[in-house]
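Participant: Handing you a structure now.
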Amino acid sequence: MKSIVSKLVFSVLFSAMALPVVGRNFVPFTSLGGEVNRTSVSPDNVLQHCVYTAKDSAKVVRLLQQKVLGNEVLFYARQFKGLPYVASTLEVSDPEKLVVNLRGLDCTTLVETVLALSMTKRQGSDSFSDYCRNLMKLRYWNGKMDGYLSRLHYFTWWMHNNIDKGIIKEVSDSKYCTSPLRVNNYYMSKHSEKYKFLKGNARRIARIAQLEKQYNGNDGTYLPEAKTGYSRKYLGFIHDGDLVAIVTRKAGLDYSHLGFAVWGKDGKLHLLNASSLHHKVVEEPKTLQQYLYNQKSAVGIRVFRLLH
């Protein structure tokens, strides 16, 4: 996403079932329309609408050809440790292109890159084009790239649409995930000047505002910060490699950061993330609870798992 501020929007990662969204009727993206004079990019010709370097495609193939030991998601996430943190890498083209950049990642692009690699590996493929198809499926409404508006800019949108697509599920435990979440997104439409391909475009701003309003409201529960320090005995429903989304109290936003869950040798949860503080992808030495305590806007987490 990806301006310095907008990384907070998406920049961010259930019982065995996804929790229902309460009190809203969602508007599918298709009913809002795509961009003017644009046609949806077919998965069959995705490479024609993709921005990448030879090093990017070679790295994807090399990673897919590696033998994966254990959990694919955690395995691939760890391959990026030490990679530079770089924001706004998706803001390179208008009309929208599928950006593949494995040279620098923010929290959102780390999550999408790792999940797309894991999906492709589980499909038994080492093809760069298959990886790109999976990346497009994750990043856009209903898996179809159709201009700037088709990107899943807020994590609330990303999460619900990828649950609907059968890609992820929420994992939770009603004993511990007790804090109700009410989403009130308006940051993008109110601060459109911070977004390279949104500022000055009244039509896009209006569409973003419409989607913000439609997806606002009560949206399940989350694990409060005070309980994130519990041991695996209590939080065992969270697995290594699960996607962690940090719920924020920052006005106009839903989530402030994303990463992957790692159970440390200390028996506590830690976060593997693309860190703006460390300027690179790191496996945090602090526990997740300590990490959240240092984030003034953080109130807790929601957790999601790749299905296929």
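What follows draws every value from the coordinates through simple rules; no lab data is involved. All figures in this text were calculated on a predicted structure; none of them were measured in a lab. Cβ placement follows ideal geometry from the backbone for every residue including glycine, while neighbour counts extend to all protein chains displayed.
Participant: Explain nothing, just compute: Karplus ³J(HN,Hα) = 6.51 cos²θ - 1.76 cosθ + 1.60, θ = phi - 60°, for every residue of the stretch 41-55 in order, whole Hz, x for Gly and Pro.
Facilitator: 7, 6, x, 6, 10, 4, 5, 6, 10, 10, 10, 7, 10, 4, 5
Participant: Also, quick follow-up: Got the relative contact order for the stretch 46-306 handy, in percent, Cα pairs under 8 Å and 6 or more residues apart? Before the final figure, lay out the partial values.
Facilitator: Details: 464 pairs, mean separation 55.9, N = 261.
Averaging sequence separation for qualifying contacts and normalising by length gives 21 percent for the stretch 46-306.
Participant: Determine the alpha carbon to alpha carbon distance for each of K265/K286; K59/K286; K121/K286 and list only those over 19 Å.
Facilitator: Details: K265/K286 12 Å; K59/K286 30 Å; K121/K286 31 Å.
Distance filter (> 19 Å) returns K59/K286; K121/K286.
Participant: Which order results if S57, S256 are arranged by neighbouring Cβ count within 10 Å, fewest first? Intermediate values should be presented prior to the final figure.
Facilitator: Values: S57 18, S256 23.
Going from sparsest to densest Cβ surroundings: S57, S256.
Participant: A further question follows. Could you tell me whether the stretch 86-130 comes out rounded, prolate or oblate from its Cα gyration tensor? Rule is a ≥ b ≥ c as square roots of the eigenvalues, rounded for a/c under 1.5, then prolate if a/b exceeds b/c, otherwise oblate. Write down the numbers at each step before the final one.
Facilitator: Values: a/c = 2.84, a/b = 1.63, b/c = 1.74.
Oblate shape, in that a/c is at least 1.5 and b/c is the bigger or equal ratio.
Participant: Which entry is the computed Rg/Rh (Cα atoms, Kirkwood Rh) for this structure: (i) 1.00; (ii) 1.21; (iii) 0.94?
Facilitator: Given (i) 1.00; (ii) 1.21; (iii) 0.94, the calculated one carries the label (iii).
Participant: Dipole of the chain, Cα-centred, from +1 at each Lys and Arg C-beta and -1 at each Asp and Glu C-beta, to the nearest 20 debye?
Facilitator: Numbers: 43 positive and 25 negative charges, 73 e Å.
Dipole magnitude for the chain comes out near 340 debye.
Participant: Please work out the Cα center distance from the stretch 45-79 to the stretch 176-232, rounded to the nearest Å.
Facilitator: Taking the Cα centre of each part, the stretch 45-79 and the stretch 176-232 sit 29 Å apart.
Participant: Which of the aspartates and glutamates could a cross-linker span from K296 if the Cα-Cα distance has to be under 19 Å and same-chain partners fewer than 8 positions apart are dropped?
Facilitator: E225, D254, E284
Participant: Quick one: order W141, W158, W263 by neighbouring beta-carbon count within 10 Å, fewest to most. Present the calculation step by step, with values, prior to reporting the outcome.
Facilitator: Details: W141 23, W158 29, W263 18.
Ordered by Cβ neighbours within 10 Å, fewest first: W263, W141, W158.
Participant: Mind checking which of H278, F197, Q214 is farthest towards the positive end of the chain's charge dipole, using Cβ charges of +1 (Lys, Arg) and -1 (Asp, Glu) about the Cα centre?
Facilitator: Final value for the positive-end residue is H278.
Participant: Given axes a ≥ b ≥ c from the Cα gyration tensor, I'd like to know whether the stretch 87-173 is rounded (a/c under 1.5), prolate (a/b larger than b/c) or oblate. Don't skip to the answer; put the middle values down first.
Facilitator: Numbers: a/c = 1.44, a/b = 1.12, b/c = 1.29.
Rounded, since a/c falls under 1.5.
Participant: Identify all lysines with a Cα-Cα distance to K199 below 25 Å; exclude those on the same chain that are fewer than 8 residues away in sequence.
Facilitator: The qualifying lysines are K2, K7, K97, K144, K190, K213, K250.
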